[in-house]
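Below: the structure, in structure tokens.
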Amino acid sequence: MAITAKRNTNRCPPHPGEVIEDMLEDLDFSKSAIAKMLGISSQQLHAILAACKPVSPEMAARLGKLFGNGPSLWLRLQAAHDAWHAEREVDVSAVPSLNVAYKVDLAEALPEDRSGATRDCGGK
């Protein structure tokens with residue numbers, strides 16, 4: 001029997017920096033050593049740990065590589081944190097609801113180039 005946990009929707013999901021801070025407590029590395037491994041300044045790391053700076057996709061890739069869990073976890077944590085705040089802080093009272101649900105087939109939604117291959121997003 002699977003046990004599912006219910007999340008308290010009144011409680012803000014943790015900022016990725018809080019999760020990193022918890023992880024660092026179990027590691028024998030200083031914050032400056034972690035920053036160096038990530039290729040960022042200590043100030044940048046401290047801003048993330050203090051939840052003053054969001055985790056960007058680029059930072060998520062670095063964190064995912066460092067901790068071995070991939071970038072998706074870090075992006076989902078940041079998105080959940082941001083969405084929780086947006087739901088409470090953004091005034092959407094003037095935005096109408098269309099009450100239309102879409103089911104999008106991503107393969108059909110992505111543009112194709114002339115060779116028929118799906119194009120990338122113009123990444124770096």
Worksheet, complete the sentence: Log entry, pairs with first residue in segment 39-60 being without any contact (Cβ under 8 Å) to a residue 40 or more places away in the chain and on the phi > 0 side of the Ramachandran plot, second being open to solvent by 20 Å² or more (accessible area, probe 1.4 Å) and among the acidic types (Asp, Glu), beta carbons closer than 7 Å, six or more apart or on different chains, reads 51/18
Response to the item:
Taking segment 70-88 and keeping only residues that are open to solvent by less than 60 Å² (accessible area, probe 1.4 Å), under 20 Å from residue 24 (Cβ atoms) and either part of a helix (DSSP H, G or I) or of a type outside the set (Gly, Ala, Ser) (or both), one is left with 71, 73, 74, 77, 78, 81
Fill in: Residue identified as at pLDDT 95 or above and exposed (fewer than 11 other Cβ atoms within 10 Å of the Cβ) among 33, 50, 94, 117
94
Fill in: Check on residue 6, over 18 Å from the mean Cα position of the chain (by Cα), within 24 Å of residue 88 (Cβ to Cβ) and not polar (S, T, N, Q)
yes
Fill in: The one condition in (1) under 24 Å from residue 80 (Cα atoms); (2) exposed (fewer than 10 other Cβ atoms within 10 Å of the Cβ) that residue 45 fails to fulfil
(2)
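The values are calculated or read from the model by the stated rules, or taken from the named source; none is laboratory data. This structure is a prediction, so every number in the text was calculated from the model and none was measured. Cβ coordinates were reconstructed from backbone atoms using ideal geometry, including for glycine residues, and neighbour counts include every protein chain displayed. Ligands, DNA and RNA are excluded from the accessible area calculation, which covers all protein heavy atoms including side chains. Shrake-Rupley method; radii C 1.70, N 1.55, O 1.52, S 1.80 Å.
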